[in-house]
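What follows draws every value from the coordinates through simple rules; no lab data is involved. Just so it is clear, the model here is predicted, and its values are computed rather than measured. Note that each Cβ is placed from the backbone with ideal geometry, even for glycine, and that neighbours are counted across all protein chains shown.
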């Protein structure tokens, strides 16, 4: 491991010895991602025009599939990086198989792939999703299951995947880039 990974990991991991920070880290690493996913589904369903609803669903699903399902899994097939809790002989705060590769972070890839579609649904929700993806990612470090570079790589893959899908996905006439921010 490089000194950057170890230093940043230790910085975040040290705070989980405090009970409240430990519980918050577990919440953001393991449970909060479900809430964010549910909110995005609601935002897509609330979109009034069926063409926009289909477009946003396609944009979101294809971005997540490309980033998390194809690119991240392909990298994990060829690069088997050990998780921090395995390397440093720590007990992680959440259950993750120790044999599952940590690079790139699947959570960071998935949730950063949702940020750009969320911005196209609503500027306000786009910012909320960006902040949420950051919290989820930091929590994955704090609970001991990812190195910082796992997160950075996952975030880049997720965001670039959504940029690629946005570029190739044909838009409908009613699609506009970022809306006012009042929701769908």
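Using a Gaussian network model of the chain in which every pair of alpha carbons under 10 angstrom is joined by a spring, one finds that among 73, 100, 30 the greatest mean-square fluctuation is at 100.
The helix-based estimate of mean residue ellipticity at 222 nm for the chain, built from -39,500 (n - 2.57) per DSSP H run of four or more residues and divided by its residue count, is -19500 deg cm²/dmol to the nearest 500. This ranking places 89, 146, 107 by how few other beta-carbon atoms lie within 10 Å of each, fewest first, which gives 89, 107, 146.
Ordering 42, 168, 141 from the fewest to the most neighbouring beta carbons within 10 Å gives 168, 42, 141. Going from the fewest other Cβ atoms within 10 Å to the most, the residues 112, 119, 34 appear in the order 34, 119, 112. For the chain, the direction-averaged projected area of the alpha-carbon convex hull comes to 10.5 nm².
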